[in-house]
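Okay, structure first, notes after.
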């Protein structure tokens, strides 16, 4: 029998019963002075935007290790606070155009304007000569939905053209790929990974702002820029020659060039009996590549459990940000990343002190600050592939990526609502303080697959991630939405993400930090193993190895 079957059903009952057996004790409160100084330091200009492979990284990881040591929190990787993360920086410089040919005609597309491509390969020169194109719908293989867009077709050595998001987008049917809430299968990273598994030479995803969750301008930022990837030289796997996106108008041109009815094809792709089809087109282009290998670091600290030291609750936050870049209109070129994610990193230090000074946990609690989240969740990906603590012994992951600085909210946004039973534990804690959870404001954007908890989910570990709510205590939801919109348009991934003590609301921030502390505290003093909910794409992974 599976642990999740055995243990979660009575979990909340025993959890509530245990609470009722003890007199009400005022919980330990994480104070501002245990968090704010760390945000000030980590988001200072002196840390230069905390970009991996820079002096900013060196200062950051040394600061974190010293902070845990000062708190008398033990190293989390044997005798070390560090886990080396081998990475490669790849600068792809594509040719300025790509040519597509049919039997009778050809069109030439402009790089950056019409498409963006890059590579994970490290060959100095990559050449695509008359590679065949295949339209493979959404590029999804999902047995639980009876779905396989690659059935009855061989795409080895070919370029697959794919639709962004998943077939549920635009429907109200939550049982069909969860409706408008993006599943893992809708993420562009999944599509590219699956195409590589199928042996595709390259991937071109058709961009559409609604289902993608962002404009094509965001994708254009990847043109001729360096991207980090995991160094796989010691464990090589097949990588497609290139990955990329094309605009919707360009996709329409390609369908016309191929003599295909675009509207009809896109509609057919929404059904499980869809068959991928050769487009009878070829593509040609090239790119030069410069690769540099280096090692970044995850920082790991631990408090060993008093009763169950070999069972683990892992808190995560990413320490990295974007470094130094082009100056903004004010001349500021340092991407300090105060909210994203000095706030989450500092909160972990505050939680570590709380676990140290409050009642010692019965299970071990791990504080993992990871590298290169902004480069594609690479630090957490490396950890998930090379775990310090076995996945079979890891109870849960709780991720902190940007803590609420706006003001007190009645709600918290539950990113990926309906995924795991950790949500039920969070809701108990929310009810205690007169708050509630709400779905994320744009579930179609797939935010559950865009932070470090996702790599724990991929290996089956239940993972919890919350965002700032929008139901402002004093000014309501419209005001909360306005705050969220202002942040996304004016601060997110810009030099303006600075620490501002006059604007940051620490009571609001610490309220959310306290919630996640309480969830972890309850788990760390329990014998229950919360699992995935029915319908989660990660449940089968966990069930496959969690057996007694």
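The values are calculated or read from the model by the stated rules, or taken from the named source; none is laboratory data. In this text the structure is predicted, and so the values were computed from the model without any measurement. Every residue, glycine among them, receives a Cβ derived from its backbone with ideal geometry; neighbour counts consider all protein chains shown.
Key figures
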read-out	value
Qualifying residue in region 464-485 (condition: surrounded by 16 or more Cβ atoms within 10 Å (Cβ to Cβ), within 26 Å of residue 307 (Cβ to Cβ) and touching a residue at least 60 places away in the same chain (Cβ under 8 Å))	yes
Matching entry among 444, 420 (being within 27 Å of residue 209 (Cα to Cα) and in contact (Cβ under 8 Å) with a residue 40 or more places away in the chain)	444
Checking residue 434 against (1) modelled with pLDDT of 95 or more; (2) assigned to a loop (DSSP other than H, G, I, E, B); (3) buried (at least 18 other Cβ atoms within 10 Å of the Cβ), the condition it does not meet	(3)
Residue within region 43-64 that is closer than 30 Å to residue 522 by Cα, surrounded by 14 or more Cβ atoms within 10 Å (Cβ to Cβ) and touching a strand residue (DSSP E or B) at 6+ places or on another chain (Cβ under 8 Å) present	yes
Verdict on residue 90 being more than 23 Å from residue 207 (Cα to Cα) and under 24 Å from the mean Cα position of the chain (by Cα)	yes
Counted residues, region 230-243 - those being closer than 21 Å to residue 386 by Cβ and in contact with a helix residue (DSSP H, G or I) (Cβ under 7 Å, 6 or more places away or on another chain)	3
The one condition in (1) under 19 Å from residue 539 (Cα atoms); (2) modelled with pLDDT under 95; (3) crowded, with 18+ Cβ neighbours inside 10 Å that residue 421 fails to fulfil	(2)
Residue within region 313-322 that is within 10 Å of residue 402 (Cα to Cα) and surrounded by 24 or more Cβ atoms within 10 Å (Cβ to Cβ) present	yes
Residue 202 being modelled with pLDDT under 95 and buried (at least 17 other Cβ atoms within 10 Å of the Cβ)	no
Cβ-Cβ under 7 Å pairs, at least 6 apart or on other chains, region 262-276 side free of Cβ contacts under 8 Å to residues at least 12 places away in the same chain and assigned by TED's automatic domain parsing to the domain that holds residue 140, far side loosely packed, with under 15 Cβ neighbours inside 10 Å and part of a helix (DSSP H, G or I)	262/252
Any hit, region 472-485, residues being touching a helix residue (DSSP H, G or I) at 6+ places or on another chain (Cβ under 6 Å), farther than 27 Å from residue 324 by Cα and not assigned by TED's automatic domain parsing to the domain that holds residue 169	yes
Qualifying residue in region 381-398 (condition: surrounded by fewer than 20 Cβ atoms within 10 Å (Cβ to Cβ), in contact with a strand residue (DSSP E or B) (Cβ under 7 Å, 6 or more places away or on another chain) and assigned to a helix (DSSP H, G or I))	yes
Matching entry among 163, 117 (being within 30 Å of residue 292 (Cα to Cα) and either surrounded by 24 or more Cβ atoms within 10 Å (Cβ to Cβ) or not assigned by TED's automatic domain parsing to the domain that holds residue 249 (or both))	117
Residue check, residue 197 crowded, with 24+ Cβ neighbours inside 10 Å, under 17 Å from residue 243 (Cβ atoms), assigned by TED's automatic domain parsing to the domain that holds residue 266 and at pLDDT 95 or above	no
Residue match in region 224-233 (condition: part of a helix (DSSP H, G or I) and at pLDDT below 95)	no
Condition met for residue 449 (assigned by TED's automatic domain parsing to the domain that holds residue 537 and either farther than 30 Å from residue 497 by Cα or in contact with a strand residue (DSSP E or B) (Cβ under 6 Å, 6 or more places away or on another chain) (or both))	no
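Residue by residue, here is whether (1) touching a strand residue (DSSP E or B) at 6+ places or on another chain (Cβ under 9 Å); (2) surrounded by 17 or more Cβ atoms within 10 Å (Cβ to Cβ); (3) under 18 Å from residue 373 (Cα atoms); (4) in contact (Cβ under 8 Å) with a residue 40 or more places away in the chain holds:
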site	(1), (2), (3), (4)
28	no, no, no, yes
72	no, no, no, yes
75	yes, no, no, yes
82	yes, yes, yes, yes
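So that you can scan it fast, the table gives a plain yes or no per residue for (1) free of Cβ contacts under 8 Å to residues at least 12 places away in the same chain; (2) assigned by TED's automatic domain parsing to the domain that holds residue 133; (3) closer than 19 Å to residue 388 by Cβ:
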| position | (1), (2), (3) |
| --- | --- |
| 35 | no, no, no |
| 52 | no, no, no |
| 66 | yes, no, no |
| 95 | no, yes, no |
| 104 | yes, yes, no |
